[in-house]
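First the structure, in the form of structure tokens, and then the observations on it.
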Amino acid sequence: MKKTKNTKQDILKLLKENKIISGEKIAKILSISRTAVWKHIKDLKRKGYLIKATPKGYSLIDNGDLLNEEELAYLPYKVYYYKEVTSTMDIAKEIAEKGEEALIIAETQTKGKGRMGRFWYSPKGGIWMSLVIKPSFSLKEAYLLTYIASLATALAIEKIAGIKVFLKWPNDIIYKENDKEKKLAGILLEVKAEIDKIDYAIIGIGINVNNEISSLVPEAISLKEILKKELKRKDIIKELIKEFKDLLKVESIKILNLWKDKSLTLGRKVKIIHPEGEKMGLALDISDDGALLLKTEDTKILKIYSGDCIH
Ligand code: BTN
């Protein structure tokens with residue numbers, strides 16, 4: 001089973017490295033039969049690759065934004081790729097309970113979950129993924145994961161899309177267009193922990209890349225709308241995972257400073273909405289334990305650990 005998968009990846013690699021390559025040459029390099037080559041080519045076509053057969057050999061045609069297990073095979077996590085799921089968070093939970101670390105990606109979600117119990121619209125073309133990790137953090141440090149994830153997402157978008165983005169507390173990735181601020185991506189964190197140790201964390205990341213935006217969410221925007229062209233989602237995913245792994249090694253104070261540098265929230269009058277009610281005030285800073293410090297009108301300074309923030 002494993003061998004079949006590797007052979008397919010090897011053939012794909014050869015097709016990517018050579019403009020045109022004959023079945024005979026592939027068979028010779030990989031020490032397999034011509035029939036085996038043909039079968040794998042057929043399978044790759046079924047997976048969505050455009051492979052042209054010419055008298056001189058096979059040639060792979062760039063088909064833009066293809067996402068599948070082969071394309072994501074070089075990530076440092078085991079990848080589970082689906083065409084459609086209820087929510088990648090549901091699959092991630094099952095995998096996390098088995099003790100695995102993994103990345104779960106789906107083309108569409110029928111019951112995408114947003115923060116505060118909201119529905120997350122997840123049509124084709126976006127990045128909808130959940131990362132299951134078993135960090136060596138204490139429960140007290142779990143807050144860092146949302147800061148790390150939103151920073152990694154922002155940095156990856158900036159690098160691949162070549163645009164500047166900002167962060168809105170607690171973890172929205174925002175694009176500024178004239179005087180409008182629009183949401184490009186969001187993060188959802190679920191943690192299972194004991195008193196002093198995290199069993200696992202599931203980081204759900206949703207990025208509007210090549211997808212259409214629902215008219216029901218006018219405050220959202222996609223990278224395709226901004227750039228007027230499509231991007232390869234795998235490039236963003238690879239960069240994001242790289243940034244995420246790098247940031248995991250950085251000390252917490254530096255993470256918070258990096259986050260603050262990109263923040264739109266700090267220095268603004270904001271309204272915080274959370275289950276116990278609403279609070280208005282000036283967003284002063286982020287405390288060392290990850291809370292938003294809010295100076296209210298009666299000049300009290302409140303520490304807000306969760307909620308929604310309206311600018
Ligand atoms: C937010 O409300 O801003 C958080 C949105 C998180 C959406 C992502 S998409 C992948 C993962 N699966 C879900 O159902 N939600 C998260």
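Tabulated data
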item	result
Nearest-ten-degree value, helix 252-261 long axis tilted from longest Cα axis of the chain	90
Set of the stretch 111-126 residues, backbone N closer than 11 Å to the point 7 Å along the Cα-Cβ line of Thr86	111-112
Amide H partners (placed H, <5 Å) of Asn171, local residues excluded	none
Long-range HN-HN contacts of Ile198 with modeled amide H, under 5 Å	Phe137, Leu139
Contact order normalised by residue count of the stretch 78-261, Cα under 8 Å, 6+ apart, percent	21
Loop-exposed trypsin sites (Lys or Arg not before Pro) per DSSP, neighbour cap 16 Cβ within 10 angstrom, longest uninterrupted part of the chain	57-97
Nearest 10 degrees, 0 to 90: helix 2-17 Cα axis against the chain principal axis	90
Sorted by Cβ neighbour density within 10 Å, fewest at the top, the residues Ile202, Ile51, Ile213	Ile51, Ile213, Ile202
The chain - share of DSSP beta bridges that are antiparallel (%, nearest 5)	85
For the stretch 32-105 and the stretch 147-220, distance of Cα centres in Å	25
Fewest-first ranking of Val191, Val132, Val250, Val165, using other Cβ atoms within 10 Å as the exposure measure	Val250, Val191, Val165, Val132
Folded to 0 to 90 degrees: helix 143-161 orientation relative to the chain principal axis, Cα	50
Flagged links, alpha-carbon separation over 29 Å, of Lys134/Lys269; Lys134/Lys234; Lys78/Lys262; Lys28/Lys229	Lys134/Lys269; Lys78/Lys262; Lys28/Lys229
Exposure proxy order (Cβ contacts within 10 Å, fewest to most) of Ser122, Ser87, Ser214	Ser214, Ser87, Ser122
Share, in percent, of DSSP beta bridges within the stretch 78-261 that are antiparallel, nearest 5	80
Label zone at Lys242, where the point sits 7 Å out along the Cα-to-Cβ direction: the stretch 55-79 residues whose backbone N lies under 17 Å	71-77
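The numbers here are math on the coordinates, done by the rules we state, and not lab data. Values in this document were obtained by computation on a predicted structure and should not be read as measured data. All Cβ positions, even for glycine, are placed from backbone atoms using ideal geometry, and neighbour counts span all protein chains on display.
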